[in-house]
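So the structure is just underneath, and the comments pick up after that.
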Amino acid sequence: MRATSWKGKPNMEQQARPTLIGIIICARYRACGGGKCFRALRERSGGFSRYAADEAIEIVGYSSCGGCPGGNVEYVPAEFLMNGCNVVHLATGLVVGYPPCPHIRQFKEFIEERYGLPVVIGTHPIPLKYMETHNRLPFWEQAAMRELVDPLMTERCDIMESYN
């Protein structure tokens with residue numbers, strides 16, 4: 001439902017409100033500059049494919065989880081909220097790293113419950129080299145990661161390869 005002004009006309013200020021995103025990455029990749037995540041945001045691929053190409057989007061925070069078991073996850077979303085955040089993305093590295101993050105489901109549940117923010121699993125498409133390795137090893141399936149990452153696996157192989 002669109003917001004309307006007192007005269008019943010669409011309120012353009014509220015209608016054009018951007019999606020404000022906070023990204024939490026795995027601490028193993030704490031030196032990551034975010035290039036794949038920001039590329040995927042521009043291209044609306046991977047976890048960002050859910051947003052329309054013309055939808056206004058801003059990144060309002062980018063932080064690591066703090067290392068296992070994810071101490072920053074308790075506090076970083078509060079900072080995101082102070083910057084207007086309205087959705088959190090847990091970076092693709094949490095699901096494709098070796099091993100995948102054992103706490104990702106708890107991170108999602110905690111942030112949604114404690115902060116009332118929706119959480120999206122993933123940012124950029126899964127790099128093809130990671131997918132090929134995970135398909136050969138048992139632990140990705142044993143951790144039931146595939147059910148979490150469907151939106152990250154809808155890309156064509158050439159797109160996934162371009163994220164290697």
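The values are calculated or read from the model by the stated rules, or taken from the named source; none is laboratory data. As the structure is a prediction and not an experimental result, all values here were calculated from the model. Positions of Cβ are generated from backbone atoms using ideal geometry, with glycine treated the same way; all protein chains shown enter the neighbour counts. Note: accessible area is taken over every heavy atom of the protein model, side chains too, but ligands, DNA and RNA are not part of it. Shrake-Rupley method; radii C 1.70, N 1.55, O 1.52, S 1.80 Å.
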Notebook entry, point to check: If you go through the stretch 105-164 one residue at a time, how many are among the hydroxyl-bearing types (S, T, Y), without any contact (Cβ under 8 Å) to a residue 40 or more places away in the chain and surrounded by fewer than 16 Cβ atoms within 10 Å (Cβ to Cβ)?
Noted result: 1
Notebook entry, point to check: Do any residues in the stretch 23-50 that are closer than 11 Å to T92 by Cβ and in contact (Cβ under 8 Å) with a residue 60 or more places away in the chain have Cβ atoms under 9 Å from those of residues that are open to solvent by 70 Å² or more (accessible area, probe 1.4 Å) and of a type outside the set (S, T, Y), where the two are at least six apart or on different chains, and which pairs are they?
Noted result: G46/K36; F48/R42
Next item on the list: Mind listing whichever residues of the stretch 61-86 are aliphatic (A, V, I, L, M) and crowded, with 18+ Cβ neighbours inside 10 Å?
Entry: V73, V76, L81
Next item on the list: For the stretch 18-25, indicate whether the set of residues that are surrounded by fewer than 17 Cβ atoms within 10 Å (Cβ to Cβ), modelled with pLDDT under 95 and either outside any helix (DSSP H, G or I) or of a type outside the set (G, A, S) (or both) is non-empty.
Entry: yes
Checklist line | Count of residues meeting criterion [closer than 18 Å to D150 by Cα and either among the aromatic types (F, W, Y) or more than 16 Å from the chain's Cα centre (by Cα) (or both)] in the stretch 42-94 | finding: 2
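Among the hydrophobic types (A, V, I, L, M, F, W, C), touching a Phe, Trp or Tyr at 6+ places or on another chain (Cβ under 8 Å) and more than 20 Å from A27 (Cβ to Cβ): which single residue out of L128, L137 fits that description?
On the way: L137 fails: touching a Phe, Trp or Tyr at 6+ places or on another chain (Cβ under 8 Å).
Result: L128 is the single residue among L128, L137 that is among the hydrophobic types (A, V, I, L, M, F, W, C), touching a Phe, Trp or Tyr at 6+ places or on another chain (Cβ under 8 Å) and more than 20 Å from A27 (Cβ to Cβ).
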